[in-house]
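**Q** One structure follows; several queries about it will come next.
The values are calculated or read from the model by the stated rules, or taken from the named source; none is laboratory data. In this text the structure is predicted, and so the values were computed from the model without any measurement. Neighbour counts run over all protein chains shown; Cβ positions are idealised from the backbone, glycine included.
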Amino acid sequence: MAFISTGYNPAKPMENRITDIGPKDHNDFYPPVIKRNKGKWSHHEILEPGVLVHVADSGEEVYTVRVGGARLMSTGHINEICDIADKHCDGHVRFTTRNNIEFMVDSKEKVEPLKNDLAARKFDGGSFKFPIGGTGAGITNIVHTQGWLHCHTPATDASGTVKAAMDELFADFQDHRLPAQLRVSMACCLNMCGAVHCSDIAILGYHRKPPMLDHEYLDKVCEIPLAVSACPTAAIKPSKQLLANGTEVKSVAVKNERCMYCGNCYTMCPSMPLADTEGDGIVLMAGGKVSNRISDPKFSKVVVGFLPNEMPRWPSMTKAINQMVNAYSNGANKYERLGDWAERIGWEKFFEVCELEFTHHLIDDFRQQAYMSWRQSTQFKF
Amino acid sequence: MAKHETPLLDQLESGPWPSFVSDLKAQAERRAKNEEGIEFQIPSDTVDDLLGILELSFKHGRTHWKHGGIVGVFGYGGGVIGRYCDQPQAFPGVEHFHTMRVNQPAGKYYTTDYLRTLTKLWDFRGSGITNMHGATGDIILLGTTTPQIEEIFHTLTHDMGQDLGGSGSNLRTPADCLGQSRCEYSCYDTNAMVYFLTNEYQDELHRPAFPYKFKFKLDGCPNCCVASIARSDMSFIGTWRDDIRVDQDAVNKYVENDAAYPANAGAFRGSKDWGPFDLEKEVLGLCPTKCMKFENQKLSIDNANCTRCMHCINVMPRALKIGKETGCSILVGAKAPILDGAQMGSLLVPFVEVNPDNDYEAITEVIENVWDWWMEEGKNRERLGELIMRQGFQKLLEVTGIKAQPQHVQYPRTNPYIFWKEDEVEGGWERDVEEYRKHHQR
Amino acid sequence: MSDLLDNTEEATKAVVAFLEKKSKSKTKFYLKDFYKVFPDDKPRMIKKVVNKMVEREILEYWSSGSTTMYGLKGAGIQHSSEGEE
């Protein structure tokens, strides 16, 4: 494994340096049919789950086959996507915001061969490589974060919970039986790199224990003022600590009842680890959306306060999600998003029909806005 | 033969959804075989060790990663995230496992030539594992060592004409929906504008400039497919201010349940039968402002009372089109929960033209006014939304020179505690108490 | 721009002096901390000058992933990379 240099000289980093050039120009990446008709599309139609046609004013058509994918993807898998795009789509492909892959062709007769090719490809373990679906009144791909695969503050795994959930929801990825689209999102800690707080259903990793303190090493590996200032709730202060061997060391103390388990201190200071087998688990939220359609965008609400991490398939989590999807599917009107349905029937009924337990943890007590969520009315359902 | 036993992960290979475990295993095997004779610049068994350490997390229910302070390539304050594993003896292949963010193209369109060049580089100098794509929108290259970072950057910039994305207290990589490239709903060219803004603000994207992160996201219409309203400090949502265009013949095709005119563009073609399309119930009845009528086979819309929610257009895309006078609304301050709770974007500019011919002048003016205020007044690690909460929406209007209008609020304030400024009150606050006492005894 | 910020040598001296004075308690600083060194200047100008000092290898960045901080090159116990050099 000899080091091969590009010619970069670490002693003179600014020599021949190219910077600030930005992304590639998308105009060079458009398929020709897209380039020709950009801004001149007349309408579109979903022909079946996962297959769309967009019709231009010119009469030209572009057919899109949308497939799901794990957002965690190897170069081998990307190369296979390229093989398919070369074979069917003249070397063009795109990805969606929700980690789906879209293969586009410029005529109807190219659709079936493309679909057949995609549907036939499977991983050695038996799962589909390119399941067709993710459109319309169904469940599309789950957007998610890194989890145990690459993050230092997750309270659960991301790819694992998503795989477990999508296996359960798979029929709805390939169907349009729901009252409206249902967006599931996943973030592996409350920092929410994935911003899941406006999803129909959100899977959120959550810690429940303040950080541990490695007093003996803390001052040796961390700058204490950085750890102190990292805390958003000012729960950390510098403190002298007596070790078991009688030596006094500089360290920190944490006011545990102020800690909101964000892990910012662990980011700044590796002597303050947070992860815990029993403490960490899953929160489920529901009823949010970002679209302005019919009703305003809204936040998701916490509907399950805590579920333990159950590797590798998180059965309690998938069971609760299934209960919500089924109750929604049975009860909501056409076009009604999950949150609109819950508001129409009342959240008290939501818990009843979803067979979810309501606990005191689900009543907001965080800062002033909590008051807004309590019931200031005699109108409620028994 | 796999390097590590992974009995828990193996259970995620079954089931229909694409298995990341199967993909990782196949990749580990490809690297072990190395049929192309690649001179791997990081350990060839890095993916084996990635599987091994992930299995350990599945066993323990805890992460095994630590953060590292690496920020980027020389002179950049973002674009690379440092990662180290806390079991380097057992998993030396992922001892150093840093992430690079590569700025994705607008609309996430690719040619296979480009993708193959990138995968070739990443096999050679990294783990060959990616995210397509990360939450900000970037292509995420997952796992390489420090000495490779400059080399990768060199190849990206010199051979591929490709730059990194943002992280840290920088402008984060702006992201967009596919916009007019393939969507008839899009009110402006999101791809062109995101490309312009990304290039215009390269300095802010690569070098720290702000109290904290700052995100732009661009949605072509109020359907908000990239969720800009929930997750960007400044969100540009396409809209129009004239009338919805109506094709009456097409409306009647929908009413007649013509097969070529499926309701909601076919979004309900599935195993559930909702019965025939009912215009009255499904469109007029669900219109949030009830501004539509259908009489004598003619649909009429009271456009002055339409709030452009997109519902009727989504249901009948062949009959109804967005208006001609298009632009965007600007909303500001959205963020995920930490610290004060989640915030949704608040409407700052109801309508602004999107004009590439003058370099989006009307929009960059708003951006720069907001930035100047936030850079001056924002506390360390305070998001824009939190600053607006702390100093007030009025302050935001003042620094942007935007006049208050009823569109800015859901409803006016419910308390009368207006903190008047001295210059807003006739005669100011300095008064002569002696003059007062002439008429009022002590 | 103030004369101090405009003069590369003097501006650098002021920044280094500021960081060295504080180096006993901490070695990493937010951009905003430099506003005090240049009280008469706009943040946008300060940012440009301070970032140039990174290119000249006087300062270096440190990132938590979500925020980026500045320190004197090589200062402190948490360097930008761990045991790799």
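**Q** What pairs come out if I take residues in segment A:1-12 that are at the interface with chain B (Cβ under 7 Å from one of its Cβ atoms) and surrounded by 10 or more Cβ atoms within 10 Å (Cβ to Cβ) and pair them with residues that are β-branched (V, I, T) and outside any loop (DSSP other than H, G, I, E, B) whose C-beta lies under 6 Å away, six or more apart or interchain?
**A** Filtered contacts from segment A:1-12: A:T6/B:T155.
**Q** Residue check, B:D203 against (1) surrounded by 24 or more Cβ atoms within 10 Å (Cβ to Cβ); (2) without any contact (Cβ under 8 Å) to a residue 24 or more places away in the chain, all met but one. Which one?
**A** Among (1) surrounded by 24 or more Cβ atoms within 10 Å (Cβ to Cβ); (2) without any contact (Cβ under 8 Å) to a residue 24 or more places away in the chain, the lone unmet condition for B:D203 is (1).
**Q** Does C:F34 satisfy the condition of being touching a helix residue (DSSP H, G or I) at 6+ places or on another chain (Cβ under 7 Å) and assigned to a helix (DSSP H, G or I)?
**A** So C:F34 fits the description; yes.
Listed here are the residues, each with its yes/no results for (1) under 30 Å from C:K36 (Cα atoms); (2) in the same structural domain as B:A230 (by TED's automatic domain parsing); (3) small (G, A, S).
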site: B:T364; (1), (2), (3): yes, yes, no
site: B:M375; (1), (2), (3): yes, yes, no
site: B:G378; (1), (2), (3): yes, yes, yes
site: B:L384; (1), (2), (3): yes, yes, no
site: B:A404; (1), (2), (3): no, yes, yes
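**Q** Please pick out the residue among A:S295, A:S291, A:S239 that is surrounded by fewer than 19 Cβ atoms within 10 Å (Cβ to Cβ), of a type in the set (S, T, Y) and facing another protein chain (nearest Cβ under 8 Å).
**A** A:S295
**Q** Every residue in segment B:396-420 that is among the charged types (D, E, K, R), loosely packed, with under 10 Cβ neighbours inside 10 Å and closer than 28 Å to B:A362 by Cβ, please.
**A** The one that is among the charged types (D, E, K, R), loosely packed, with under 10 Cβ neighbours inside 10 Å and closer than 28 Å to B:A362 by Cβ: B:K403.
Each row is one residue, and each column tells you yes or no for (1) facing chain B (nearest Cβ under 7 Å); (2) more than 11 Å from the chain's Cα centre (by Cα).
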| residue | (1), (2) |
| --- | --- |
| C:K42 | no, yes |
| C:I46 | no, no |
| C:V49 | no, no |
| C:M53 | no, no |
| C:R56 | no, yes |
| C:E60 | no, no |
| C:S63 | yes, yes |
| C:M69 | no, no |
| C:A75 | no, yes |
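**Q** Right, something else. Of all residues in segment B:94-111, count the ones that are within 14 Å of chain C (Cβ to nearest Cβ) and touching a Pro at 6+ places or on another chain (Cβ under 7 Å).
**A** 1
**Q** Moving to a separate point now. Suppose we filter B:G69, B:G79, B:G166 for residues that are out of contact with any helix residue (DSSP H, G or I) (no Cβ under 8 Å at 6 or more places or on another chain) and small (G, A, S); which single one remains?
**A** Going through B:G69, B:G79, B:G166 in turn, just one is out of contact with any helix residue (DSSP H, G or I) (no Cβ under 8 Å at 6 or more places or on another chain) and small (G, A, S): B:G69.
**Q** I'd like to check which helices (runs of 4 or more DSSP H) are fully inside segment B:191-271 and have at least 2 residues that are within 30 Å of A:G287 (Cβ to Cβ).
**A** B:228-231
**Q** Residue check, C:T27 against (1) over 22 Å from A:A227 (Cβ atoms); (2) surrounded by 16 or more Cβ atoms within 10 Å (Cβ to Cβ); (3) facing another protein chain (nearest Cβ under 9 Å), all met but one. Which one?
**A** That leaves (1) as the condition not met.
**Q** Cβ-Cβ under 7 Å, sequence separation 6+ or interchain: first residue in segment C:1-30 and part of a helix (DSSP H, G or I), partner exposed (fewer than 14 other Cβ atoms within 10 Å of the Cβ) and at pLDDT 90 or above. Which pairs?
**A** Close Cβ pairs (under 7 Å, with a partner that is exposed (fewer than 14 other Cβ atoms within 10 Å of the Cβ) and at pLDDT 90 or above) amount to C:L4/C:E10.
**Q** Okay, moving on. Of everything in segment A:46-61, what is within 7 Å of chain B (Cβ to nearest Cβ) and buried (at least 20 other Cβ atoms within 10 Å of the Cβ)? Give them in sequence order.
**A** Listed by number, the residues that qualify are A:I46, A:P49, A:H54.
**Q** Restricting to helices (runs of 4 or more DSSP H) lying wholly in segment A:66-178: which have 2 or more residues that are closer than 25 Å to A:S329 by Cβ?
**A** Per the criteria, A:159-173.
**Q** Check off (1) within 9 Å of another protein chain (Cβ to nearest Cβ); (2) within 30 Å of B:G75 (Cα to Cα) for B:V226 and give me the number that stays unchecked.
**A** It is condition (2) that B:V226 fails.
**Q** Sort out which residues of segment A:1-36 are touching an Asp or Glu at 6+ places or on another chain (Cβ under 6 Å) and closer than 30 Å to A:G91 by Cα, and write them in order of number.
**A** Those that are touching an Asp or Glu at 6+ places or on another chain (Cβ under 6 Å) and closer than 30 Å to A:G91 by Cα: A:T6, A:I21, A:G22, A:V33.
**Q** Still on this structure, please answer the following. Taking the criterion of being over 26 Å from B:G345 (Cα atoms), within 14 Å of chain B (Cβ to nearest Cβ), touching a residue at least 40 places away in the same chain (Cβ under 8 Å) and of a type in the set (D, E, K, R), would at least one residue in segment A:340-351 satisfy it?
**A** There is no residue in segment A:340-351 that is over 26 Å from B:G345 (Cα atoms), within 14 Å of chain B (Cβ to nearest Cβ), touching a residue at least 40 places away in the same chain (Cβ under 8 Å) and of a type in the set (D, E, K, R).
**Q** So the check is Cβ under 8 Å with 6+ separation or different chains; which pairs have a first residue in segment B:325-352 that's farther than 22 Å from B:L397 by Cα and within 9 Å of chain A (Cβ to nearest Cβ) and a second one that's assigned to a loop (DSSP other than H, G, I, E, B) and of a type in the set (S, T, Y)?
**A** So the pair list comes out as B:L339/A:T233.
**Q** Has segment A:122-144 got at least one residue that is modelled with pLDDT of 95 or more and within 30 Å of A:P270 (Cα to Cα)?
**A** yes
**Q** Another question about this same structure. Just need a number here: residues in segment B:274-324 that are basic (K, R) and in contact (Cβ under 8 Å) with a residue 60 or more places away in the chain.
**A** So the answer is 4.
**Q** Take the residues of segment B:148-161 that are part of a helix (DSSP H, G or I) and more than 7 Å from chain A (Cβ to nearest Cβ): which is surrounded by the most Cβ atoms within 10 Å (Cβ to Cβ)?
**A** Out of the qualifying residues, it is B:F153.
**Q** Could you tell me how many of the residues in segment A:13-43 are in a helix (DSSP H, G or I) and either within 7 Å of another protein chain (Cβ to nearest Cβ) or aromatic (F, W, Y) (or both)?
**A** 2
**Q** With (1) at the interface with chain B (Cβ under 7 Å from one of its Cβ atoms); (2) without any contact (Cβ under 8 Å) to a residue 12 or more places away in the chain as the list, and A:G69 as the residue in question, which single condition is left unmet?
**A** The single condition A:G69 does not satisfy is (2).
**Q** Do we find that B:G166 is assigned to a strand (DSSP E or B), of a type outside the set (S, T, N, Q) and under 16 Å from the mean Cα position of the chain (by Cα) in this structure?
**A** So B:G166 does not fit the description; no.
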